[in-house]
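The values are calculated or read from the model by the stated rules, or taken from the named source; none is laboratory data. Quick caveat: nothing in here was measured; it's all calculated off a predicted structure. Here Cβ is always computed from backbone atoms with ideal geometry, including for glycine, and neighbour counts include all displayed protein chains. Side chains are part of the model used for accessible areas, which takes the heavy atoms of the whole protein and leaves out ligands, DNA and RNA. Shrake-Rupley method; radii C 1.70, N 1.55, O 1.52, S 1.80 Å.
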Amino acid sequence: MLELRIDHRQGDFHLDVDIRAPEQGVTALFGHSGSGKTSLLRMLAGLDRPDDGHIRLGERTYVDTRQRLFVPPHRRRLGVVFQEARLFPHYRVRGNLTYARRLTGGEAFDRVVSLLGIEPLLARMPDALSGGEARRVAIGRALLAEPDMLLLDEPLTGLDGARKRELLDYILRLTREIELPILFISHDTQELMAIAERLVLLDSGRVVADGELDELLGRAELAPWLGGFEASTPISARVEAHDERYHATRLALDDGQLMTLPRIDHAPGERVRLRIRRRDVALAREMPSQSSFRNRLRATVEQLDDGEPGMVEVSLRLAGQRLLSRITLEASEALALSPGDDVIALIRSASLAGSAG
Amino acid sequence: MLTELEQQALWISLQVAGSALAIIVVPGILVAWLLARHEFPGKALLDGIVHLPLVLPPVVVGYLLLVVMGRRGVIGSWLLETFGISLPFTWQGAALAGGVMAFPLLVRAVRLSLEAVDPKLEAAARTLGATRLRVFITITLPLALPGVITGGVLAFARALSEFGATITFASNIPGETRTLPLALYSTIQTPGMEGAAARLCAISVAVAMASLVVSEWLARRTRRRMAGRDTGL
């Protein structure tokens, strides 16, 4: 458990938070610039001291102002990846990676290096790296310090579309392959959608909401902050098999229903997060016998809400998860939908969270 | 080529200036680091004291050295009683005088180059488990090295040309404290030595030029080496 209870004033800005995050998975710290994300990161890393409060990670207390306890940054074992890569310009990439002097060679070193695809860069100087490469080295450097937690401060900011996607793919691989809790700081809703499991929503130095990403997405009062998420819902599934002939990938939901996606690059057995836009989900009363919709899933209507004039927002229960559909009022009345009804969700398209768009 | 007296003066000058630099280089870097990277009570006072030799007449500095480090001075008498060391009228005393006069130049140059090092890099090093000392040795100092070298050469040249504080504290003893500037002063005072004065002047110019060339070469070499370096520690 990561515990952050901080009461801190800096000029006009007042940071007053009480956050608890599990020591596993990816927790996102989300907020607009000036919401206090970076202040919080600096205090967690030990670069600033809070006026009042405590910071704990698992058994270890980093800060407790009441007991006048302050663990300096070099004894905290937090891998920090800053917004700018902050590589040391006078060391080669290898020297940067081994700066922490913990994992300097051997299997663990090779694993991190290959996970991030930075073998060809080892002998280069940092000024000969592209923005994306430099950030991958910075992530590797933090990992090789054998941290108890990885802190990523807007690692994708300032990269162009293609580089951003590439780095995001590396980070996603990381979250799948290493057992390390990650605190991901961002103000970009798409990034969060792609990798976060839990979300702490920060505004003007206060926590507005804190919980599972999927749960927060369903809360209407958070729309002003999470508006960017609204258009789609995340669905978790497992890769079942690849179909080379149709260049497709079959995925299984938790209740065994199958979905088909254009070929994705994940091994069978891996869990992936899909993103399904509301307007890509159509509804039918009965299983259509002939249809171009390849994804026809049995779901239950949970709730109907009025949307924009003439539209209805339908919340569905699909394999224990939530799926949103937006249909016209006319269609809704024609189908005579009411909560508890079994329906078929026809999914026009789904994308892998974190990859395309 | 050089007369015996000229050789002697040149040698004493180099010895005095080299020792002066050796005395002040570590404290100079330390003080520059304190001034560049720390806030503490009395910082302005320390800054002022460091700069005093730059603004005081050198004779005043020489006089203060006599008061503090002379045989009956506060520290001087203790040195004499404990170690039997007496600084006035010795070449070591001349080195001390040169060092004190050169100190502000060294501190200023080093401080500027330390301040130019991005504190964000230092913060990153701290999160990677490095103590403040290790950050200073592996990040701050190497990145500031060209400035440190420039400051060192500046200080060396200043100690080489020191006159007022040296003649006050260490006097003008041939073969002991008579450096190039003091030798030049003596020849000017002596009628019929105009030729010798001109030669000493030429030697002084040559030494000063040489130190500038060496400084430029060192700074370039450091920058090149730093651009191709692996893990230092």
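If DNA, RNA and ligands are ignored and the probe is 1.4 Å, what is the ranking of A:Glu119, B:Glu122, B:Glu39, A:Glu59 by accessible area, most exposed first? List each step's numbers first, then the result.
Working: A:Glu119 95, B:Glu122 25, B:Glu39 160, A:Glu59 180 Å².
So the residues, ranked largest to smallest area, are A:Glu59, B:Glu39, A:Glu119, B:Glu122.
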Quiz item: Once fully extended, how much extra length lies between B:Val68 and B:Ala22, figured as 0.36 nm per residue of separation less the alpha-carbon to alpha-carbon distance?
Solution: 14.5 nm
Quiz item: Expressed in nm², what is the orientationally averaged projection area of the convex hull enclosing the Cα positions of segment B:14-122?
Solution: 8.3
Quiz item: Which percent of the accessible heavy-atom area of segment A:2-228 goes to carbon and sulfur, probe 1.4 angstrom?
Solution: 42
Self-check item: Proximal aspartates and glutamates to A:Lys164, defined as alpha-carbon separation beneath 19 angstrom and excluding residues fewer than eight positions away on the same chain
Solution: A:Glu84, A:Glu133, A:Asp153, A:Glu154, A:Asp188, A:Glu191, A:Asp265
Quiz prompt | Protection proxy ranking of A:292-303, A:259-270, B:57-68 - average other beta-carbon atoms within 10 Å, highest first | solution = B:57-68, A:292-303, A:259-270
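Quick check: from the Cα gyration tensor, does segment A:18-88 come out rounded (a/c under 1.5), prolate or oblate? Write out the running numbers ahead of the final one.
On the way: a/c = 1.40, a/b = 1.27, b/c = 1.10.
Rounded, because the longest to shortest axis ratio a/c is under 1.5.
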Practice problem: Report the accessible area of A:Asp127, computed with a 1.4 Å probe over the heavy atoms of all protein chains in place, in Å² rounded to the nearest 10. | Solution: 140
Quiz prompt | B:Glu194-A:Ala336 pseudo-label distance in nm [points 7 Å out on the Cα-to-Cβ vector] | solution = 12.8
Quiz item: Roughly what angle does helix A:106-115 make with the longest principal axis of chain A, taking Cα atoms, 0 to 90 degrees, to the nearest 10?
Solution: 50
Quiz item: Distance from the Cα centre of segment A:42-70 to that of segment A:265-328, in angstrom?
Solution: 45
Quiz item: Could the peptides B:102-113, B:141-152 be put in order, highest first, of the mean number of other beta-carbon atoms found within 10 Å of their residues?
Solution: B:102-113, B:141-152
Quiz item: Hey, if you put +1 on the Cβ of every Lys and Arg and -1 on every Asp and Glu Cβ in chain A, which of A:Ile182, A:Met125, A:Ala334 ends up farthest toward the positive end of that dipole?
Solution: A:Met125
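Compute the FRET efficiency between A:Ala128 and B:Glu81 as 1/(1 + (r/R0)^6), taking r as their Cβ-Cβ distance and R0 = 51 Å, and round to the nearest 0.05.
Details: r = 61 Å, r/R0 = 1.19.
With a Förster radius of 51 Å, E is 0.25.
Could you please put B:Lys120, B:Lys43, A:Lys37 in sequence from largest to smallest accessible area, using a 1.4 Å probe?
Numbers: B:Lys120 90, B:Lys43 35, A:Lys37 10 Å².
Result of the area sort, largest leading: B:Lys120, B:Lys43, A:Lys37.
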Practice problem: Would you mind giving the mean number of other chain beta-carbons within 10 Å of the Cβ of each residue in A:78-85, as a whole number? | Solution: 3
Quiz item: Which one of B:Leu87, B:Leu154, B:Leu121 has the biggest mean-square fluctuation once chain B is modelled by GNM with Cα springs under 10 Å?
Solution: B:Leu121
Quiz item: Top mean-square fluctuation among A:Gly95, A:Gly340, A:Gly205, Gaussian network model of chain A, C-alpha springs under 10 Å?
Solution: A:Gly340
Quiz prompt | Translational D in µm²/s for segment A:2-228 (Stokes-Einstein at 25 °C, 0.890 mPa s, Kirkwood Rh from C-alpha pairs) | solution = 135
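Normalise the Cα radius of gyration of the protein assembly as shown by 2.2 N^0.38 Å (N = residues in it) and let me know the number.
Numbers: Rg = 35.1 Å, N = 590, 2.2 N^0.38 = 24.9 Å.
The reported ratio for this selection is 1.41.
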Quiz item: Which residue, A:His187, A:His54, A:His247, tops the fluctuation ranking in a GNM of chain A built on C-alpha contacts under 10 Å?
Solution: A:His247
Quiz item: How far apart, in nm, are two points set 7 Å out from the Cα along the Cα-to-Cβ line at A:Arg206 and at B:Tyr185?
Solution: 7.3
Exercise. Calculate, for B:Thr222 and A:Arg66, the FRET efficiency according to 1/(1 + (r/R0)^6) with r their C-beta to C-beta distance and R0 60 Å; round to the nearest 0.05.
Key: 0.80
Quiz item: Once you average over the residues of A:68-75, how many Cβ atoms of partner chains fall within 10 Å of each Cβ?
Solution: 3
Exercise. Might you tell me the accessible area per residue for segment A:233-352, computed with a 1.4 Å probe and given in Å²?
Key: 53
Self-check item: Accessible area buried between chains B and A, both sides summed, probe 1.4 Å, in Å² to nearest 100
Solution: 2300
Practice problem: On a 0 to 90° scale, report how tilted helix A:131-143 is relative to the longest principal axis of chain A, with both axes built from alpha carbons and the result rounded to the nearest 10. | Solution: 70
Quiz item: What value does segment A:233-352 have for Rg/Rh, both radii from Cα atoms and Rh as Kirkwood defines it?
Solution: 0.99
Exercise. Output the residues of segment B:113-128 meeting this criterion: accessible area (heavy atoms, 1.4 Å probe) in the chain alone minus accessible area with all protein chains in place is 10 Å² or greater.
Key: B:Lys120, B:Leu121, B:Ala123, B:Ala124, B:Ala125, B:Arg126, B:Thr127, B:Leu128
Quiz item: FRET efficiency for A:Ala162 and B:Ala116, Cβ-Cβ distance as r, R0 = 35 Å, nearest 0.05?
Solution: 0.50
Self-check item: On Cα atoms only, tilt of A:161-177 relative to the major axis of chain A in degrees
Solution: 80
Quiz item: Taking chain B as the region of interest, what is the percent of Cα-Cα pairs per 10 angstrom bin, listed from the shortest bin to the one with the maximum distance?
Solution: 8, 27, 30, 21, 11, 2, 0
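Using Cα pairs closer than 8 Å and at least 6 residues apart in sequence, work out the relative contact order for chain A, in percent. Display every interim value, and only then the final one.
On the way: 727 pairs, mean separation 55.2, N = 357.
Relative contact order here is 15 percent.
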